[in-house]
1. So how many residues does region 117-175 have that are part of a strand (DSSP E or B) and charged (D, E, K, R)?
2. Test each condition in (1) within 30 Å of ASP334 (Cα to Cα); (2) open to solvent by 10 Å² or more (accessible area, probe 1.4 Å); (3) modelled with pLDDT of 90 or more for ALA260 and report the one that comes out false.
3. Answer yes or no: is there a residue in region 146-158 that is more than 24 Å from the chain's Cα centre (by Cα) and either open to solvent by 10 Å² or more (accessible area, probe 1.4 Å) or at pLDDT 95 or above (or both).
4. For region 109-127, name all the residues that are within 14 Å of GLY69 (Cα to Cα) and touching a Pro at 6+ places or on another chain (Cβ under 8 Å).
5. Residues in region 399-438 that are touching a residue at least 60 places away in the same chain (Cβ under 8 Å), closer than 19 Å to GLY164 by Cα and open to solvent by less than 10 Å² (accessible area, probe 1.4 Å): how many?
6. Mind counting the residues in region 380-398 that are open to solvent by less than 10 Å² (accessible area, probe 1.4 Å) and assigned to a loop (DSSP other than H, G, I, E, B)?
7. Looking at (1) more than 13 Å from TRP162 (Cα to Cα); (2) open to solvent by 10 Å² or more (accessible area, probe 1.4 Å); (3) under 33 Å from the mean Cα position of the chain (by Cα); (4) not acidic (Asp, Glu), which is the one condition that is false for GLY231?
8. Mind listing whichever residues of region 341-379 are assigned to a strand (DSSP E or B) and either farther than 17 Å from TYR266 by Cβ or open to solvent by 10 Å² or more (accessible area, probe 1.4 Å) (or both)?
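The values are calculated or read from the model by the stated rules, or taken from the named source; none is laboratory data. Since the model is a prediction, treat every value here as computed from it, not as a measurement. Using ideal geometry, Cβ is built from the backbone for each residue, glycine included, and neighbour counts are taken over all protein chains shown. The accessibility values were calculated without ligands, DNA or RNA, using every heavy atom of the protein model including side chains. Shrake-Rupley method; radii C 1.70, N 1.55, O 1.52, S 1.80 Å.
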Amino acid sequence: MSKLEISKQTYKRLKNNQSHRGVTLVLILVFGFIFLLLIETLTNLSITRVKLVKQKLSWEKSLVIAEAGIDYYRWHLAHYPNDYQDGTDQPGPYLHEYKDTSGQTVGYFSLEITPPSGCSPAVEIQSTGWTTDFPNIKRSVKIKYAQPALAKYAFLINTNAWFGDTESLKGPFHSNGGIRMDGWQNSLSTSAKQTYICGSEHGCTSSNCSDPCQWTASGCQCPGIWGAGSGGPSGLWEYPVPAVDFNKITQDLAQLKTRAQESGIYLGNLGLGYHLKFKSDGTFDVYRVKKLKPKVHYCDLDNNCGWSSIDIQTEEFYANYPVPSNCSPIFIEDNVWVDGIINGRATVVAAKLPDTPNTEKNIYIPHSILKYNNQSVLGLIAQKNIQITLYSDDDLIIEAAMLAQKGHICRWYYPHISWLQPYKDYAIRNSITTFGSTISYGEWTYSYVNWSNQIVSGYQNTNSNYDASLTFDPPPYFPVDGDFQTIQWVEEK
């Protein structure tokens, strides 16, 4: 082989090697670029995932911060129960720092406070929280925070009480005195007394004072709650428990009068009073009472007997009013008769101010009071008594929360004289049924019995029913008592 041929072969080999090196370099560059691209993608993905994790964590922390704002204002209300402006006397929202355990600010919460109103006794607290890392990620929580109304009791009285064997009680009952419970019940009865003296007005005498009671120098001493009812064996009697302070639950009638004059309905003194007849169309007719029926013999629960009349003989139309849509009170500085169908939310107040014992006003119920629907509610607040009249319905239904601030919720004793009207037909009535709450400073009763435990005046059958919805959704401006409670928790979207 000649030298020239050898050189040509060598040249070809070198050329082929250089071609392979070029391809390899290209492949190295391509795969290197792909590798770097993968590295960058994985790095960016990792960074994105870390950011997403941090955002998710911030989203979770924002809820914690928002709830911290709720907890803060609940604490604030516990110390300043009437402050709905975060101590600033200025409208909100109210901004607060949220710090970690080392004292470093890691977020903020903003508060918006809606104070209670006549239509709703609840405070609304809305708290919006966010972190300093992601201030645009916010979460908001709203709660309704309220004190229970006194309407949480089916019955609440300040003195001794007696439920007879023809009476039934549905719902909680509390007395600051003792309780003789011979009726049927389905809820807890509580008394502030360990023992008490049961008087003859509740059927206790020296001749029938027997176990668990015993006769003493002071009279028939009985346990705080006792009787023939099944509540004791059922575990529904509890005594003694703390008394309810009636001085604290007395409504500020002057404030209610002012609200009625400013934005509600106010009616001044007429002499005999007004008759309010509620209507299913959301209004009520007001009549001026012109004349009462002839006087009849009666005895009240303060052992006063005499001649009087609380039944309307004649009346004239006065005006028609809508039930206040803003839930402001209907304040009447005179006696008032109430009946009809309530469509809306209203509270009727009967009171003469300034308050003096001989001018205190009453509410009288001659006919049934019914609710138009489940959203309707009626409160009756009397400066003195809430009374069922002599000529009341034979089967009377009262769907309302009733409060007698300084007197009784009752029907007077009218003697049943079988040959004389109106006692013959009206002294004894068939049944009375209440749905709501009965709150009476003095003794309460709709019926009277003789020594044989037979009904001799009033209603022969009494059914008392509890409306649990009134606890946190009572009639406008109905008094409250007890600690604030969270009644609703929602996350705002």
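1. Number of matching residues: 5.
2. Going through the list (1) within 30 Å of ASP334 (Cα to Cα); (2) open to solvent by 10 Å² or more (accessible area, probe 1.4 Å); (3) modelled with pLDDT of 90 or more, ALA260 breaks only (2).
3. no
4. Of everything in region 109-127, those that are within 14 Å of GLY69 (Cα to Cα) and touching a Pro at 6+ places or on another chain (Cβ under 8 Å) turn out to be SER110, LEU111, GLU112.
5. Final tally of qualifying residues: 4.
6. Residues flagged as open to solvent by less than 10 Å² (accessible area, probe 1.4 Å) and assigned to a loop (DSSP other than H, G, I, E, B) within region 380-398 amount to 4.
7. Condition (2) is where GLY231 drops out.
8. Correct list: ILE341, ILE342, ARG345, TYR364, ILE365, ILE369, LEU370, LYS371, VAL377, LEU378.
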